[in-house]
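FYI, it's all coordinate maths here, none of it is from the lab. Values in this document were obtained by computation on a predicted structure and should not be read as measured data. FYI the Cβ positions are ideal-geometry reconstructions off the backbone, even for glycines, and counts take in every protein chain you see.
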Amino acid sequence: MLEALKIEPTHKTPKVYLDPKENHFEVSGRSIPEDSVGFYKRILDWIDEYANQPNPETEFKFELEYFNTSSSKNILELLKKLEKIHLEGKGKIHITWYYDEDDEDMEETGEDYKALLNVPLDLIMKVY
């Protein structure tokens, strides 16, 4: 089985926790890395590897506070890779997109991704 990929968050990069054994897949926090392509390359490569033998069901959680434009391109690429696993029938993918109740931008972004992709995606408002 594929080894877990765990990246601790910084003030510029999100927490990334991809663990097929625990069936825990999460990207959370802020994503404004200096080198967005470099940061996300490890994640995208890991997902490519995961796509060879995904779990029968994968729950993928996005809980981002903020991300920049270059991160959004990489996040969309990640979502497209998950969609591909789903559409090819390799495993069921379910994505949950969390946003703060007062964050219309993050809600709209989740709605945009949902409209672009053919994979189950739920938007969940976090209320404090």
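For region 19-64, enumerate the residues that are aliphatic (A, V, I, L, M), touching a Leu at 6+ places or on another chain (Cβ under 8 Å) and not in a strand (DSSP E or B).
Going through region 19-64, the residues aliphatic (A, V, I, L, M) turn out to be 27, 32, 37, 43-44, 47, 51, 64.
So of that shortlist, the ones also touching a Leu at 6+ places or on another chain (Cβ under 8 Å) come out as 27, 43-44, 47.
Selection gives Ile43, Leu44, Ile47.
Which residue is surrounded by the most Cβ atoms within 10 Å (Cβ to Cβ), if the candidates are limited to region 96-111 and must be in a helix (DSSP H, G or I) and of a type in the set (Asp, Glu)?
Filtering region 96-111 for residues in a helix (DSSP H, G or I) gives 104-111.
Now narrow it down to the ones that are of a type in the set (Asp, Glu): 104-105, 107-108, 111.
Numbers: Glu104: 10, Asp105: 9, Glu107: 17, Glu108: 12, Glu111: 14.
Of everything passing the filter in region 96-111, Glu107 is surrounded by the most Cβ atoms within 10 Å (Cβ to Cβ).
Determine, yes or no, whether Pro9 is in contact with a helix residue (DSSP H, G or I) (Cβ under 9 Å, 6 or more places away or on another chain), free of Cβ contacts under 8 Å to residues at least 40 places away in the same chain and part of a loop (DSSP other than H, G, I, E, B). Break it down into steps so the answer makes sense when it comes.
Details: in contact with a helix residue (DSSP H, G or I) (Cβ under 9 Å, 6 or more places away or on another chain): no; free of Cβ contacts under 8 Å to residues at least 40 places away in the same chain: yes; part of a loop (DSSP other than H, G, I, E, B): yes.
Against the criterion (in contact with a helix residue (DSSP H, G or I) (Cβ under 9 Å, 6 or more places away or on another chain), free of Cβ contacts under 8 Å to residues at least 40 places away in the same chain and part of a loop (DSSP other than H, G, I, E, B)), Pro9 does not qualify.
Could you please give the count of residues in region 68-109 that are within 11 Å of the chain's Cα centre (by Cα), of a type in the set (S, T, N, Q) and within 14 Å of Leu121 (Cβ to Cβ)?
Of the residues in that region, 1 qualify.
Among the residues of region 21-38, count how many are touching a strand residue (DSSP E or B) at 6+ places or on another chain (Cβ under 8 Å) and either surrounded by 14 or more Cβ atoms within 10 Å (Cβ to Cβ) or among the aromatic types (Phe, Trp, Tyr) (or both).
Step one: list which residues in region 21-38 are touching a strand residue (DSSP E or B) at 6+ places or on another chain (Cβ under 8 Å), which gives 23-32.
Pick out the ones that are also either surrounded by 14 or more Cβ atoms within 10 Å (Cβ to Cβ) or among the aromatic types (Phe, Trp, Tyr) (or both) and you get 24-32.
Qualifying residue count for the region: 9.
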